[in-house]
Amino acid sequence: MTQSEFKLLFADQVMKCEETLRNKRKEYTGDNQDRLSSFKIAASLQGCTPQRALVGMMAKHIISLYDMCYAKSAAFKKELWDEKITDSLNYLFLLAAIIREEAAFEQN
């Protein structure tokens with residue numbers, strides 16, 4: 001893959017991530033203005049931090065990718081790869097948001 005091809009792939013992936021986050025916002029946050037509310041609620045229910053709640057939820061996507069990579073003679077459609085990769089990346093973006101928000105609170 002050339003640098004140009006990779007640059008296009010990267011831009012396309014970021015666009016997919018943004019679109020997915022935008023489309024699923026209402027599903028995961030309802031009318032709550034806090035984009036991270038589902039992780040905070042999950043953390044409260046589980047007695048852990050929002051980061052731990054998030055990585056617990058993210059684990060199923062990582063395990064699914066792992067299973068796909070190690071499946072014997074299985075071919076998966078591009079759409080399924082795109083979905084799993086996009087979801088995994090979005091969890092990392094959301095984790096970065098949680099960490100940034102907590103750092104802002106710590107500085108105040």
List every residue pair whose Cβ atoms sit under 8 Å apart, with the two residues 6 or more apart in sequence or on different chains, where the first one lies in region 4-21 and is within 15 Å of residue 78 (Cβ to Cβ) and the second, anywhere, is aliphatic (A, V, I, L, M) and open to solvent by less than 100 Å² (accessible area, probe 1.4 Å).
13/85; 13/89
Can you name the residue in region 69-98 that is open to solvent by 60 Å² or more (accessible area, probe 1.4 Å) and hydroxyl-bearing (Ser, Thr, Tyr) and is also farthest from the chain's Cα centre (by Cα) among such residues?
73
So for region 30-38 (the condition being of a type in the set (Lys, Arg) and either touching a residue at least 40 places away in the same chain (Cβ under 8 Å) or over 27 Å from residue 10 (Cα atoms) (or both)), does at least one residue qualify?
yes
Those residues of region 47-103 which are outside any helix (DSSP H, G or I), modelled with pLDDT of 95 or more and of a type in the set (Ser, Thr, Tyr) amount to 49
Are there any pairs with C-beta distances below 8 angstrom linking a residue in region 76-87 that is of a type in the set (S, T, N, Q) to a residue that is surrounded by 11 or more Cβ atoms within 10 Å (Cβ to Cβ), with the two at least 6 apart or on different chains, and if so which?
86/13; 86/16; 86/17; 86/20
The conditions are (1) assigned to a helix (DSSP H, G or I); (2) among the hydrophobic types (A, V, I, L, M, F, W, C); (3) surrounded by fewer than 15 Cβ atoms within 10 Å (Cβ to Cβ), and residue 1 fails exactly one of them. Which is it?
(1)
So which residues in region 20-53 are closer than 18 Å to residue 83 by Cα and touching a helix residue (DSSP H, G or I) at 6+ places or on another chain (Cβ under 9 Å)?
20, 21, 24, 28
Every residue in region 29-47 that is over 14 Å from residue 94 (Cα atoms) and open to solvent by 40 Å² or more (accessible area, probe 1.4 Å), please.
31, 32, 33, 41, 44, 45, 46, 47
Single condition residue 9 does not satisfy, out of (1) in a helix (DSSP H, G or I); (2) open to solvent by 100 Å² or more (accessible area, probe 1.4 Å)
(2)
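The values are calculated or read from the model by the stated rules, or taken from the named source; none is laboratory data. Remember, it's a predicted structure, so these values are computed and weren't measured experimentally. Here Cβ is always computed from backbone atoms with ideal geometry, including for glycine, and neighbour counts include all displayed protein chains. Ligands, DNA and RNA are stripped out before the accessible areas are found, and what is left, the full protein with its side chains, is counted by its heavy atoms. Shrake-Rupley method; radii C 1.70, N 1.55, O 1.52, S 1.80 Å.
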